[in-house]
1. Against the condition out of contact with any helix residue (DSSP H, G or I) (no Cβ under 6 Å at 6 or more places or on another chain), at pLDDT 90 or above, on the phi > 0 side of the Ramachandran plot and of a type outside the set (Ser, Thr, Tyr), how does GLU94 come out, does it pass?
2. Kindly establish whether GLN52 is over 20 Å from PRO109 (Cβ atoms), touching a strand residue (DSSP E or B) at 6+ places or on another chain (Cβ under 9 Å) and either surrounded by 13 or more Cβ atoms within 10 Å (Cβ to Cβ) or modelled with pLDDT under 95 (or both).
3. Go through (1) assigned to a strand (DSSP E or B); (2) at positive phi for GLU42 and report which single condition fails.
4. Looking at the stretch 72-105, which of its residues are in a loop (DSSP other than H, G, I, E, B) and among the aromatic types (Phe, Trp, Tyr)?
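The values are calculated or read from the model by the stated rules, or taken from the named source; none is laboratory data. All values reported here derive from a predicted model rather than from experimental measurement. Cβ placement follows ideal geometry from the backbone for every residue including glycine, while neighbour counts extend to all protein chains displayed.
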Amino acid sequence: MVSCNASFGDKYVVEDLEIYFTPKNVGKHYVVAMADYFKANELLLDQQHSIQITSDENGFILNMVLDDDYKTLPVEQDNNLALLEADIKEQVFEGFNFRIQVCNANFVPIESPK
């Protein structure tokens, strides 16, 4: 189990939220700011859940795990995701390029229903 988690990056834990991140690409202050954002906006769940922050040539990426009951993000959730993405971009990443990717439990992106 430890070797599997290592591939997701370093881990920062706040309550039941595990935040994986790649320290080479994401400063720890962004990880702490994301944890604070989740707490302040009551996004922490009552059971263990995980997110991953990484980056590519286009900016920062938040990989959020989709509930196992869904194969794709429900279309009615697109607007909520866009609002969350815009708010996190400003509140956590200070306006830098940022996007949310919906992923499976292994942080592999899931195809959008569009």
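1. It is true that GLU94 is out of contact with any helix residue (DSSP H, G or I) (no Cβ under 6 Å at 6 or more places or on another chain), at pLDDT 90 or above, on the phi > 0 side of the Ramachandran plot and of a type outside the set (Ser, Thr, Tyr).
2. no
3. (1)
4. Filtering the stretch 72-105 for residues in a loop (DSSP other than H, G, I, E, B) gives 72-74, 92-97, 104-105.
Hits for the stretch 72-105 are PHE93, PHE96.
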